[in-house]
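Working notes for the structure below.
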Amino acid sequence: MLLDIQNLTKRFGGLTAVSNVSFGIERGEIIGIFGPNGSGKTTTLSLIAGILKPTAGAILWKGSDINALTPFEVAQQGLVKTFQNPQLFSELTVAQHMQIACHLHVKRALGAKRLQTLFGGMPAELDRTLTRKIDQMLELCRLANQRNDEAGALSYGGEKMLGVAMGMVCDPELLLLDEPASGLGHDEITNLDAVLRDLKSHGVTLCIIDHKVGFLGRLADRSIALHHGAVIATGKTEDVLANEAVVAAYLGKKHA
Ligand SMILES: Nc1ncnc2c1ncn2[C@@H]1O[C@H](COP(=O)(O)OP(=O)(O)OP(=O)(O)O)[C@@H](O)[C@H]1O
Ligand SMILES: [Mg+2]
């Protein structure tokens, strides 16, 4: 098992945002996470990515407990999360955002000497390698034509895709995506769907939160549904989406 979540719990004061959640992810799968607003989806992914620390429970990555690692160390292990709302620098270009996201590679290649790169001292070979990597990811994420555009000029769909490209340039084995389709139009969702399938064919395991049943329903091999922080259904996505408790959580018992 690539990722094994055991009895994960997160309390914020008196509020239990994630309650005793357990599930596993195998290599090569696309896992969907469904659940109404406030059901603990983002908190669960933030716990896995080391952005939040659990109140209780274990997160095993390839069999090792990663609870104590910083988000940076978790990303370095191959577990990368994108954000529900991409926080971009509007005056930096798409390529410059990608260069920032290459920090892990620069750190790995240069160690403490990476500080020199602040003053334009990037070794030529590393620079070429990173440029190649960036171009590859922009191509994969259909952003190559916007390479030199400022982030402020991107559509919301473009911003979200840049978030995915920035995550991908870190070479994740498992990419955690927080609502990549929210706020996107029909064509942008079709594009995102194709990009995510491409990522899977490149060997990346994906765990995706979304509310869009049509989008994630088609994409996810297996799903987990959360309600009030707890798992209420797991299994094949179509079965989870048809589950009575899941329908009731979204629509209320009366309408379900
Ligand atoms: N840092 C925090 N401090 C206090 N409460 C929080 C914090 N983060 C999340 N919560 C609460 O935890 C619960 C779960 O929030 P979370 O963001 O994980 O939900 P979600 O399923 O991602 O919702 P959405 O679909 O709206 O993004 C909510 O009640 C939320 O208000
Ligand atoms: Mg959320």
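Peptide packing: for 41-52, 117-128, the average count of neighbouring Cβ atoms within 10 Å per residue gives the ranking 41-52, 117-128, highest mean first. For segment 87-194, what class follows from the C-alpha gyration tensor (a ≥ b ≥ c being the square roots of its eigenvalues): rounded when a/c is under 1.5, otherwise prolate if a/b is larger than b/c, else oblate? It comes out prolate by the Cα gyration axes. For a modelled paramagnetic label at Glu26, 7 Å from Cα along Cα-to-Cβ, the residues of segment 184-210 in reach, with backbone nitrogen under 19 Å, are 200-208.
Find the accessible area per residue for segment 3-251; the probe is 1.4 Å, ligands and nucleic acids are left out, and the unit is Å². Before the final figure, lay out the partial values.
Numbers: 11510 Å² over 249 residues.
Result: 46 Å² per residue.
By the rule of a C-alpha distance below 23 Å, with chain neighbours fewer than 8 residues away ignored, the lysines paired with Lys53 are Lys10, Lys41, Lys62, Lys81. Taking the Cα atoms only, what angle lies between the long axis of helix 156-168 and the longest principal axis of the chain, rounded to 10 degrees? Helix 156-168 sits at roughly 80 degrees to that axis. Each DSSP beta bridge with both residues in segment 3-251 is either parallel or antiparallel, and the antiparallel ones are about 55%.
Once you have a ≥ b ≥ c as the square roots of the Cα gyration tensor eigenvalues for segment 1-42, tell me rounded if a/c is under 1.5, and otherwise prolate or oblate according to whether a/b is larger than b/c.
Details: a/c = 3.90, a/b = 1.69, b/c = 2.31.
Oblate.
Residues of segment 1-26 with an amide N closer than 15 Å to a point placed 7 Å from the Cα of Ala56 along the Cα-to-Cβ direction: 6-22. With a cut-off of 15 Å between beta carbons, the residues surrounding Ala58 carry a summed charge of +1, where Lys and Arg count +1 and Asp and Glu -1. Over the residues of the chain, the helix contribution to mean residue ellipticity at 222 nm works out to -11000 deg cm²/dmol, using -39500 (n - 2.57) for each DSSP H run of at least 4.
Note on Lys113: lysines with a C-alpha under 23 Å away, same-chain residues under 8 apart excluded, are Lys133.
Per-residue surface analysis assigns Leu251 an accessible area of about 100 Å², computed on protein heavy atoms at 1.4 Å probe radius. Pairs of lysine residues in segment 139-254 that meet both criteria, 8 or more places apart or on different chains and Cα atoms under 25 Å apart, total 8.
Taking R0 as 30 Å, what FRET efficiency do you get between Asn37 and His202 from their Cβ-Cβ distance, rounded to the nearest 0.05?
Values: r = 32 Å, r/R0 = 1.07.
Calculated value: 0.40.
Normalised by the number of residues in the chain, the mean separation of alpha-carbon contacts (under 8 Å, six or more apart) gives a relative contact order of 27 percent.
Whole-Å semi-axes of the chain's equivalent ellipsoid, largest first, each the root of 5 times a Cα gyration tensor eigenvalue?
Values: eigenvalues 209, 95, 48 Å².
Result for the chain: semi-axes of 32, 22, 16 Å.
The values are calculated or read from the model by the stated rules, or taken from the named source; none is laboratory data. This one's a predicted model, so the numbers in the text were calculated from it and none came from an experiment. Cβ sites come from the backbone with ideal geometry, for glycine too, and all protein chains shown count toward neighbours. Just so you know, the surface numbers come from the protein's heavy atoms only, side chains and all, with ligands and any DNA or RNA stripped out. Shrake-Rupley method; radii C 1.70, N 1.55, O 1.52, S 1.80 Å.
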